[in-house]
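Below is one structure; the comments refer to it alone.
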Amino acid sequence: MDTKHCAVDGWVDAIPVPGPNGLGTATFDLIVQPADIAIDAGTIDDAVADDVPDTVITCTSEDARITRELLNGIQPGDLLRVTGTLARPSRTGTAPRLAVDALEVLDTALVPILREMVLDRYGDYVVILDADRDQVPVFTAYGAWVGLADNPDAITHLIDIHERVNGGDA
């Protein structure tokens, strides 16, 4: 198996998970553009074509400090620089593996903005929040129609009216 000490810049593909070796280890996949892999303080090839596909590198760490950061502070989309020992795949079709010795967060992912409908609960009531609309449909927890609030600030007013008219039972 061919191994090299290297530094790799890439984006975290999914939330890091505890490694197969139990406590104190973490595993995650890094999406890397081939031109971003630096080996022995040089680059693999300065003439890498622009259309070369990205590579997935499976990374593991057994360092407790790195593992703690991976499991508690790293999110998908974060840009990392990891340094360690890269083991090239032994057979075609498998991902290269990197044993991480050092970790640096270069950039954090943006906080996702919700653009879909979200159900929220107000006690015995359910509302449907839609980022594309101001009006908010309100139902009882049993599915009975209550009404349409003009905006999210008017939800509690609509619920108060419904409880006065219907005796407080949703």
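The values are calculated or read from the model by the stated rules, or taken from the named source; none is laboratory data. Note that the structure is a prediction, hence the values are computed from the model and not measured. Reconstructed Cβ throughout: ideal geometry from the backbone, glycine too, with neighbour counts over all protein chains shown. Surface areas here come from the heavy atoms of the whole protein model, side chains and all, with no ligands, DNA or RNA. Shrake-Rupley method; radii C 1.70, N 1.55, O 1.52, S 1.80 Å.
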Is it fair to say Arg81 is out of contact with any Ser or Thr (no Cβ under 6 Å at 6 or more places or on another chain) and either open to solvent by less than 90 Å² (accessible area, probe 1.4 Å) or closer than 27 Å to Lys4 by Cβ (or both)? yes
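Please specify each residue of the stretch 114-133 satisfying the condition of being open to solvent by 70 Å² or more (accessible area, probe 1.4 Å) and among the charged types (D, E, K, R).
Within the stretch 114-133, the first condition is being open to solvent by 70 Å² or more (accessible area, probe 1.4 Å), and the residues that meet it are 114-117, 119, 121-122, 124, 132-133.
Matches in the stretch 114-133: Arg115, Glu116, Arg121, Asp124, Asp132, Arg133.
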Looking at the stretch 82-141, which of its residues are touching a Cys at 6+ places or on another chain (Cβ under 7 Å) and more than 23 Å from Pro20 (Cβ to Cβ)? none
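One line per residue, one yes/no per condition, for (1) more than 15 Å from Leu79 (Cβ to Cβ); (2) at pLDDT below 85:
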| site | (1), (2) |
| --- | --- |
| Asp13 | no, no |
| Pro20 | yes, yes |
| Leu30 | no, no |
| Asp36 | no, yes |
| Ile44 | yes, yes |
| Val48 | yes, yes |
Residue match in the stretch 134-150 (condition: of a type outside the set (A, V, I, L, M, F, W, C), modelled with pLDDT of 90 or more and open to solvent by 90 Å² or more (accessible area, probe 1.4 Å)): yes
Strands (runs of 3 or more DSSP E) fully within the stretch 49-144 counting 1 or more residues that are over 29 Å from Thr27 (Cα atoms): 117-122, 125-130, 136-140
